[in-house]
1. Does Ala157 satisfy the condition of being over 26 Å from the mean Cα position of the chain (by Cα) and closer than 18 Å to Arg55 by Cα?
2. Which residue, of Ile34, Ile12, is within 20 Å of Asp156 (Cα to Cα) and touching a helix residue (DSSP H, G or I) at 6+ places or on another chain (Cβ under 7 Å)?
3. Return the residues of the range 39-85 that are touching a Lys or Arg at 6+ places or on another chain (Cβ under 7 Å) and farther than 22 Å from Asp156 by Cβ; say none if nothing qualifies.
4. Pick from Gly182, Gly188, Gly169: which is of a type outside the set (A, V, I, L, M, F, W, C) and crowded, with 19+ Cβ neighbours inside 10 Å?
5. Just one of Leu37, Leu31, Leu74 is on the phi < 0 side of the Ramachandran plot, touching a Leu at 6+ places or on another chain (Cβ under 8 Å) and modelled with pLDDT of 90 or more; which is it?
6. Since Arg66 meets every condition but one in (1) in contact (Cβ under 8 Å) with a residue 24 or more places away in the chain; (2) touching a Phe, Trp or Tyr at 6+ places or on another chain (Cβ under 9 Å); (3) of a type outside the set (Ser, Thr, Tyr); (4) more than 29 Å from Leu268 (Cα to Cα), which condition does it not meet?
Amino acid sequence: MRAIKENDEPMILSMTGYGRAEYSFAEHKTLIEIRSLNSKQLDLNFKISPFYRTREQDIRSMLVSRIQRGKADLIIAQVPLDSQSGTEVFPQAFPSINKEAFRFYYNQLSELKAGLGAEGEQLFGAILRLPSVMQSGAEATVSDEEWKLMQRAIEDALEAFVAFREQEGRALEDMFRDKLDGIENLLGQVEPFEKERIEKIKQRLTGRLNELSEQQQQQVDANRLEAELIYYLEKLDITEEKVRLRNHIRYFRETMGQEGADGVGKKLGFVSQEMGREINTLGSKANHSEMQIIVVKMKDLLEQIKEQVLNVL
């Protein structure tokens, strides 16, 4: 679902998100947290109590469509409650040791102890990691009644998660618009130096020509000289680069306002790359110290945009 601004205009979403919810059922409370950071694809990691493993696939289905993209962690923790007061108590459902399995493994490994050179503590630690030795203290599954409560809590966490992404998206959009305005302002500052640069080039070439002797000047083909001068000045002309850069800036703004969230971050990444090409070309054609300084400032603003575009959904 696409986030909408207060004035009903679509907005970008950040891939950074956080949402939290909880519910109480029977003699336990369940805490649910969803966190995400930027990633090229959707990467879901589950950190949930064994009690809820039977519902993992259903929970995953609820998250995929809402998170869409990013490195996301889902944390579901169960906290026991006192049956009388309803307050949190120290967990009682610790994993227990399967004593028969432990003895079986211990007898087997004790025979090999001398050959392995293992100490007693190392042996005990190795046995505890073997299959079937540790038994989960939460063997029950989630009832249908509790599952309904969990679904509502997950939806609440997702709503808070999306709201967080919207808030971060607003901050990103404000930053992008500020940096784009800065690049446009700098581009406008290029024009006076551009005219000054052309005049200086003409004066320098004319001055060099005047330094030639009268005989050498007579040997210069005026038409050929004028053609070469025009060709040289055309190679330094940056009109097309300025037009394309302004078009890319306009398209960047339009893309931020496009309906639908899918691929907006990737599009903005492509557009920022094209902006970088035009700015680099401006720098290579500048041939003027003040213009070079302006180009460096534009590059700095663009790098800030590129860095944050990685966080856009």
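The values are calculated or read from the model by the stated rules, or taken from the named source; none is laboratory data. All values reported here derive from a predicted model rather than from experimental measurement. With ideal geometry, Cβ positions are generated from the backbone for all residues, glycine too; neighbour counts draw on all protein chains shown.
1. Taking the combined requirement at face value, the residue does not satisfy it.
2. Going through Ile34, Ile12 in turn, just one is within 20 Å of Asp156 (Cα to Cα) and touching a helix residue (DSSP H, G or I) at 6+ places or on another chain (Cβ under 7 Å): Ile34.
3. Correct list: Ser39, Gln41, Asp43.
4. Gly169
5. After ruling out the rest, the residue left standing is Leu74.
6. So the condition that Arg66 fails would be (4).
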